[in-house]
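**Q** Sharing a structure with you now.
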Amino acid sequence: MNTVCKELSNDEKMFQMIYDMSDSAFLYYNFGEKTVKTVGSWNKFFDTGLRTSEELKKIGHCVEEEYAPQFEEFLFPEKKGIRKGDMTVRLRDGKTWLECEAVVIYDKKGRPKDKVLRFEDITKFKRQHEELIYLAYYDMLTGLYNRNYFVQLLGKFLRKAEKEEKKVGVMFVDIDDFHRINDGLGIVVGDEVVQQYGQYLSSFGGKDVIVSHFNSDIYCLAIYDSHGTEEVEQIYRAMGKRLEKPFILSGGQEIFITAGIGVASYPEAAKNALELINCAEIVMLKGKARGKGSIQYFDTAILKDFLQDIDIENKLKDAVFHQNFTIAFQPQYQANNKKLRGVEALIRWKDKEGNMISPSVFIPIAEKNGTIISIGSWVMEESVRIFSGWKKKYQASLILALNISAIQYKRRDFVDSLMQVLEKYEVSPSEVELEITESILIDDLEEVKNKLLALKEYGFKISLDDFGTGYSSLSYLKGLPIDTLKIDKSFIDTVISDNNTKIITESIIYMVKRLGYETVAEGVETKEQFEYLKSIECDSIQGYFLGRPMPPDQVEMLLNETAG
Ligand code: C2E
Ligand code: CA
Ligand code: CA
């Protein structure tokens, strides 16, 4: 008997130790003896001891009010004849979460015999769970909704709008030149700007406006029941006003930013959330091309252009791979004696369906995706090769004019690779004129000048293309190491009909001659234009009137005539 008692008390000790070590509290109630026993972390959760089962009610006050009624039922499952029950509650401290479990054992007649309640501290698990939920819906950096959740919420807006026949506007917001902040000042500063701007944007959030941060410098807003462009304009104006002031960072730096916005609305632009966001992004990009701080509304033409560009981009990669291009050469003539001055190499591309795609369409795309480098090298080698053949055959003294994209020009190996081609085909740099555009000059002017000087030292001629379409300022031309100025077709088009253009063209030619540059007029289509340009002493003429861009064999015919 004694030993049994001893064993039992050892068991008790063991259980006591296990209870004490666990994060749980237990209550045992024996209905026959009407005794209550509490063990484990009881005192940690409940500030009251219990003597009778009825006193259990007291711990009902330890949980937050919203759980209290259900918790009381949970504490007395026998009242409803329940065998097993569970629930989760939060204590009044507002922090501790308990998972509660109840088990009741009944006798054969259905009377309760024993009851065990278990309370386990799940605060840590709950916190982790909440963090996971937070991560699923929110963006850590800004605290705004993340992209995924925004798409879900926008979907809800759209379903509601469909029922209520309302509009939903989506604003795609992208900070201008953000990479400059990130690259120049570091990502810590970049993050702070993103955070502060996000905080500002969150002020627009509400029942009818969802504000989200997608990633990096991209935010998206959705506006329910937008009336035309009214609400969007309001937000755009408010944003613009805010951005007149700098963001003041924790390090004291003041940063000014601007942001480009694209707007697409349901149901006009698209019917589902992802497409709507896409449309807003596409028009935002379009707006950016116009300048900083822009707003661009969706229109189907923009989408069509965009899709066409993607189509061209895909075909272009294939064409570059297979080198499916040819070169046309357009003659340039000296105005006073109509002698052939040279030819300009112009790339031609016929896609697989046999459609000619204009270089003014695909060159900008190639510049964006980098294929301009291989296209440019191909044009360089192919035109020099053909040109070298003519030279040898006709001993003609001609200039080969090559269009050089800014991207090509900026490459460090540009001069070397050009020189290699010239050496291979025995063409001298003095026979080559490089046509550059004003876009090259936007960068560090000193560096550009030095590079031009280096090219001139090799003997190349440099020509400034499309003059009059960019800065149109003669003053910056001074001191620029160029040889030739090509007056853009847009001047030539109206030089006869419009007196202002006439005056401007005349003064350009006069000034340019005084600076010592040669002038070439482009896009000369009529005899009248030709005669007039000749009379004001424009040096050379290029245009349909004297010769269209032509395949190499036709150039040979011209050379034959000249030689003959
Ligand atoms: P660009 O350098 O200004 O070339 C002159 C453009 O005007 C050519 O268009 C030419 O065909 C066209 N043109 C010449 N005379 C007349 C005329 O009397 N009337 C009219 N209406 N047009 C005339 P194209 O060949 O379509 O080339 C367009 C642009 O594409 C070129 O403008 C140039 O910027 C670019 N490009 C062409 N080939 C190359 C190339 O190999 N490399 C690079 N980087 N760009 C190229
Ligand atoms: Ca040109
Ligand atoms: Ca031009």
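**Q** Please determine whether any residue of the stretch 497-519 is open to solvent by 30 Å² or more (accessible area, probe 1.4 Å) and within 16 Å of ligand 3 (Cβ to nearest atom).
**A** At the first step, the residues of the stretch 497-519 found to be open to solvent by 30 Å² or more (accessible area, probe 1.4 Å) are 497-500, 502-504, 506-507, 510-511, 513-516, 518.
Still in the running and within 16 Å of ligand 3 (Cβ to nearest atom): 518.
Yes, there is a match, as at least one residue in the stretch 497-519 is open to solvent by 30 Å² or more (accessible area, probe 1.4 Å) and within 16 Å of ligand 3 (Cβ to nearest atom).
**Q** Follow-up. Suppose we filter the stretch 382-395 for residues that are crowded, with 17+ Cβ neighbours inside 10 Å and within 16 Å of ligand 1 (Cβ to nearest atom); how many remain?
**A** Summing the residues that are crowded, with 17+ Cβ neighbours inside 10 Å and within 16 Å of ligand 1 (Cβ to nearest atom) in the stretch 382-395 gives 5.
**Q** Which number in (1) in contact with a helix residue (DSSP H, G or I) (Cβ under 8 Å, 6 or more places away or on another chain); (2) in contact (Cβ under 8 Å) with a residue 60 or more places away in the chain; (3) assigned to a helix (DSSP H, G or I) marks the one condition that Phe530 misses?
**A** It fails just one condition, (1).
**Q** Could we say that Ile105 is touching a strand residue (DSSP E or B) at 6+ places or on another chain (Cβ under 9 Å) and assigned to a loop (DSSP other than H, G, I, E, B) here? Full working, then the answer.
**A** Numbers: touching a strand residue (DSSP E or B) at 6+ places or on another chain (Cβ under 9 Å): yes; assigned to a loop (DSSP other than H, G, I, E, B): no.
So Ile105 fails the test.
**Q** Looking at the stretch 446-466, can you tell me whether even one residue there is within 16 Å of ligand 2 (Cβ to nearest atom), among the hydroxyl-bearing types (Ser, Thr, Tyr) and buried (at least 19 other Cβ atoms within 10 Å of the Cβ)? Give the derivation first.
**A** Applying the first criterion (within 16 Å of ligand 2 (Cβ to nearest atom)) to the stretch 446-466 yields 460-466.
Narrowing the set further to residues that are among the hydroxyl-bearing types (Ser, Thr, Tyr) leaves 463.
Among the residues that remain, those that are also buried (at least 19 other Cβ atoms within 10 Å of the Cβ) are: 463.
Scanning the stretch 446-466, I find at least one residue that is within 16 Å of ligand 2 (Cβ to nearest atom), among the hydroxyl-bearing types (Ser, Thr, Tyr) and buried (at least 19 other Cβ atoms within 10 Å of the Cβ), so the answer is yes.
**Q** So, in the stretch 329-354, how many residues would count as being within 23 Å of Asp539 (Cα to Cα), within 13 Å of ligand 1 (Cβ to nearest atom) and not hydroxyl-bearing (Ser, Thr, Tyr)?
**A** So the first thing to find is which residues in the stretch 329-354 are within 23 Å of Asp539 (Cα to Cα), and the list is 329-346.
Among the residues that remain, those that are also within 13 Å of ligand 1 (Cβ to nearest atom) are: 329-333, 343-346.
So of that shortlist, the ones also not hydroxyl-bearing (Ser, Thr, Tyr) come out as 329-332, 343-346.
Result for the stretch 329-354: 8.
**Q** For the stretch 412-437, which positions are charged (D, E, K, R) and either crowded, with 19+ Cβ neighbours inside 10 Å or at positive phi (or both)?
**A** Of the stretch 412-437, the ones charged (D, E, K, R) are 412-413, 416, 423-424, 426, 431, 433, 435.
Answer for the stretch 412-437, where residues must be charged (D, E, K, R) and either crowded, with 19+ Cβ neighbours inside 10 Å or at positive phi (or both): Glu426, Glu431, Glu433, Glu435.
**Q** May I pose another question? Restricting to the stretch 396-411, give me the number of residues that are without any contact (Cβ under 8 Å) to a residue 40 or more places away in the chain and surrounded by fewer than 19 Cβ atoms within 10 Å (Cβ to Cβ). Talk me through it step by step, then tell me what you get.
**A** To start, the set of residues in the stretch 396-411 that are without any contact (Cβ under 8 Å) to a residue 40 or more places away in the chain comprises 397, 404, 406, 408, 410-411.
From what is left, the residues that are surrounded by fewer than 19 Cβ atoms within 10 Å (Cβ to Cβ) are 397, 406, 410-411.
Number satisfying all stated conditions: 4.
**Q** Regarding the stretch 479-486, can at least one residue be identified that is within 39 Å of the chain's Cα centre (by Cα), of a type outside the set (Lys, Arg), more than 16 Å from ligand 1 (Cβ to nearest atom) and open to solvent by 20 Å² or more (accessible area, probe 1.4 Å)?
**A** Yes, some residue in the stretch 479-486 is within 39 Å of the chain's Cα centre (by Cα), of a type outside the set (Lys, Arg), more than 16 Å from ligand 1 (Cβ to nearest atom) and open to solvent by 20 Å² or more (accessible area, probe 1.4 Å).
**Q** Something else about it: Pairs under 7 Å by beta carbon, first residue among the polar types (S, T, N, Q) in the stretch 32-45, partner open to solvent by 60 Å² or more (accessible area, probe 1.4 Å), six or more apart or different chains?
**A** Close Cβ pairs (under 7 Å, with a partner that is open to solvent by 60 Å² or more (accessible area, probe 1.4 Å)) amount to Ser41/Asp23.
**Q** Checking Tyr19 against (1) among the hydroxyl-bearing types (Ser, Thr, Tyr); (2) in contact with a Lys or Arg (Cβ under 7 Å, 6 or more places away or on another chain); (3) assigned to a helix (DSSP H, G or I), which single condition isn't satisfied?
**A** Single failed check for Tyr19: (2).
**Q** Now for a separate question. Can you tell me which condition Glu78 does not meet? The list is (1) part of a helix (DSSP H, G or I); (2) at pLDDT 90 or above; (3) open to solvent by 40 Å² or more (accessible area, probe 1.4 Å), and all the others hold.
**A** (3)
**Q** Can you name the condition, by its number, that Ala68 falls short on among (1) open to solvent by 50 Å² or more (accessible area, probe 1.4 Å); (2) under 11 Å from Leu91 (Cα atoms); (3) small (Gly, Ala, Ser)?
**A** Only one criterion is unmet by Ala68, namely (1).
**Q** Does Ser250 satisfy the condition of being small (Gly, Ala, Ser), in contact (Cβ under 8 Å) with a residue 24 or more places away in the chain, outside any strand (DSSP E or B) and exposed (fewer than 15 other Cβ atoms within 10 Å of the Cβ)?
**A** Working: small (Gly, Ala, Ser): yes; in contact (Cβ under 8 Å) with a residue 24 or more places away in the chain: yes; outside any strand (DSSP E or B): yes; exposed (fewer than 15 other Cβ atoms within 10 Å of the Cβ): yes.
So Ser250 fits the description; yes.
**Q** Right, next: Residues of the stretch 520-564 being within 16 Å of ligand 3 (Cβ to nearest atom), within 23 Å of Ala396 (Cβ to Cβ) and among the polar types (S, T, N, Q), which ones?
**A** Once the filter is applied, which keeps residues that are within 16 Å of ligand 3 (Cβ to nearest atom), within 23 Å of Ala396 (Cβ to Cβ) and among the polar types (S, T, N, Q), the stretch 520-564 yields Ser540, Gln542.
**Q** Six or more apart or on different chains, Cβ atoms under 8 Å: show the pairs whose first residue is in the stretch 107-122 and closer than 24 Å to Gly60 by Cα and whose second is exposed (fewer than 14 other Cβ atoms within 10 Å of the Cβ) and among the hydrophobic types (A, V, I, L, M, F, W, C).
**A** Matching pairs, first to second residue: Pro112/Ile105; Lys113/Ile105; Asp114/Ile105; Lys115/Ile105.
**Q** Follow-up question, since we're still on this one. Restricting to the stretch 424-448, and then to whatever is in a helix (DSSP H, G or I) and of a type in the set (D, E, K, R), can you tell me which residue is nearest to ligand 1 (Cβ to nearest atom)? Walk me through how you get there before you give the answer.
**A** First pass over the stretch 424-448, keeping only residues in a helix (DSSP H, G or I): 424, 429-431, 438-442, 445-448.
From the residues that got through so far, the ones that are of a type in the set (D, E, K, R) too are 424, 431, 438, 446-447.
Numbers: Lys424: 19, Glu431: 17, Glu438: 12, Glu446: 24, Glu447: 20 Å.
It comes out as Glu438.
**Q** Do we have any residue at all in the stretch 114-133 that's open to solvent by 50 Å² or more (accessible area, probe 1.4 Å) and under 28 Å from the mean Cα position of the chain (by Cα)?
**A** Scanning the stretch 114-133, I find at least one residue that is open to solvent by 50 Å² or more (accessible area, probe 1.4 Å) and under 28 Å from the mean Cα position of the chain (by Cα), so the answer is yes.
**Q** From the list Arg90, Arg83, which one is among the charged types (D, E, K, R), surrounded by 14 or more Cβ atoms within 10 Å (Cβ to Cβ) and without any contact (Cβ under 8 Å) to a residue 40 or more places away in the chain? Let's see the steps before the verdict.
**A** Working: Arg83 fails: surrounded by 14 or more Cβ atoms within 10 Å (Cβ to Cβ).
After ruling out the rest, the residue left standing is Arg90.
**Q** Just wondering, is there one or more residues in the stretch 406-415 that are over 34 Å from the mean Cα position of the chain (by Cα) and at pLDDT 85 or above?
**A** If we filter the stretch 406-415 for residues that are over 34 Å from the mean Cα position of the chain (by Cα), which is where we start, we get none.
There is no residue in the stretch 406-415 that is over 34 Å from the mean Cα position of the chain (by Cα) and at pLDDT 85 or above.
**Q** Determine if the stretch 546-557 includes at least one residue that is at negative phi, in contact (Cβ under 8 Å) with a residue 12 or more places away in the chain, out of contact with any strand residue (DSSP E or B) (no Cβ under 7 Å at 6 or more places or on another chain) and within 10 Å of ligand 1 (Cβ to nearest atom).
**A** no
**Q** Related question: Identify, by number, the condition in (1) modelled with pLDDT of 90 or more; (2) closer than 26 Å to Glu556 by Cα; (3) more than 16 Å from ligand 2 (Cβ to nearest atom); (4) touching a helix residue (DSSP H, G or I) at 6+ places or on another chain (Cβ under 7 Å) that Ile347 doesn't meet.
**A** (3)
**Q** Testing Lys57 on (1) under 14 Å from Leu117 (Cβ atoms); (2) buried (at least 16 other Cβ atoms within 10 Å of the Cβ), one condition comes back false. Which one is that?
**A** Every listed condition holds for Lys57 apart from (2).
The values are calculated or read from the model by the stated rules, or taken from the named source; none is laboratory data. None of these values were measured; they are calculated from a predicted model. Positions of Cβ are backbone-derived with ideal geometry, glycine not excepted, and every protein chain shown enters the neighbour counts. Just the protein is used for accessible areas: all its heavy atoms, side chains included, with ligands, DNA and RNA removed. Shrake-Rupley method; radii C 1.70, N 1.55, O 1.52, S 1.80 Å.
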